[in-house]
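Inspection log for the structure reproduced underneath, given as structure tokens.
The values are calculated or read from the model by the stated rules, or taken from the named source; none is laboratory data. Note that the coordinates shown come from a computational prediction; the quantities given were computed from them, not determined experimentally. Please note: Cβ atoms are built from the backbone with ideal geometry, for glycine as well, and neighbour counts cover all protein chains shown. SASA here: full protein model, heavy atoms, side chains in, ligands and nucleic acids out. Shrake-Rupley method; radii C 1.70, N 1.55, O 1.52, S 1.80 Å.
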Amino acid sequence: KVAIENTSNNPQSVKLFLQDFTYQADGTINYSALRTNKRTNGEWIKLNTNLITLKGKEKTEVFYEITVPNQNRDPGSYWSVIIVEPVEDIKPSDSKAGVNITSVIRYAIQVITDFETEKAKPDLKFESVKVEKQEGKQTVKIAVANNGNLYCKPTTAIEIYNRKTGEKIGTYSSLTMGLLPDTSKTFYIDISKIPPDKYKAAIIATDEEENAFALNVELEVKND
């Protein structure tokens, strides 16, 4: 179920509908019509209503049901998003010429169906590794793609070593983020405590099932 509350004192109509959804490490997020994504579950989801009107301060719940069709399909994760969008009453105005622009805040609720997960697995690939300033701090930016067929929640870590002696300088980790199949995200690791120099490093992405994917890199931390 989706719980919705009207926090204002005025009545508000809200529409609900389904869209496909994907994202990439460069920050792009795409919402598109159902069946745009080959791993959509949008047509498996039935909402009990597509339009509700809430009085001021009223709360309600919209129920949805997921029915996986019986036909053959690949194991793994399938997903879409339920979009919850306020419907603004159109108030025609003849007082001035031109175009009136109103902003609407939409909410997207991701719904993931995992199917025969014992036959599916994530396959993480490092797309790029950069060291850049982020909010004034030297940060390793690691773009990770999930080329597998199963949603996972990886964490990336970097082990940094002295290039000449091989002595370990330290291990630093990113936040954990969800990663859908055929998508990518950038993981950020703060290394501002590392002095400027050239280092050897091992980057490791680990999902919640302890599957690990590693990459050895040369790392340069600059003064700027």
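Observations on the model:
- In Hz, Karplus ³J(HN,Hα) per residue of segment 187-195 (6.51, -1.76, 1.60; θ = phi - 60°; x = Gly, Pro): 9, 10, 10, 6, 10, 5, 7, 7, x
- Rounded, prolate or oblate (a/c below 1.5 giving rounded, otherwise prolate when a/b exceeds b/c) for segment 89-165 by Cα gyration tensor: oblate
- Annotation for segment 98-172: trypsin sites (Lys or Arg not before Pro) lying in DSSP loop with at most 16 further Cβ atoms inside 10 Å of their Cβ are Arg106, Arg163, Lys164.
- Accessible area, probe 1.4 Å, largest first, for residues Ile82, Ile169: Ile169, Ile82
- Cα-centred dipole magnitude for segment 51-168, charges only on beta-carbon of K, R (+1) and D, E (-1), debye, nearest 20: 660
- Ordering Tyr199, Ala212, Val140 by Cα displacement along the dipole of segment 70-224 toward the positive end leaves Tyr199 in first place; charges were set at the Cβ atoms of Lys, Arg (+1) and Asp, Glu (-1).
- Shape category assigned to segment 177-224 from the gyration tensor of Cα positions, a/c cut at 1.5: prolate
- Under the convention that each Lys and Arg Cβ holds +1 and each Asp and Glu Cβ holds -1, the size of the dipole of segment 10-77 around its Cα centre is about 160 debye.
- The Rg/Rh ratio for segment 1-51 is 1.08, where Rg is the radius of gyration of the alpha carbons and Rh is the Kirkwood radius.
- As an equivalent ellipsoid, segment 4-119 spans semi-axes of 34, 19, 12 angstrom, where each value is the square root of five times an eigenvalue of the C-alpha gyration tensor, largest first.
- Reciprocal of mean inverse Cα separation for the chain (Kirkwood radius, Å): 20.9
- Per residue solvent-accessible surface (Å²) - the chain, probe of 1.4 Å: 63
- The chain - charge dipole about Cα centre, Lys and Arg +1 at Cβ, Asp and Glu -1, debye rounded to 20: 360
- Candidates per trypsin sites (Lys or Arg not before Pro) in segment 1-35, loop by DSSP, up to 13 other Cβ within 10 Å: Lys1, Arg35
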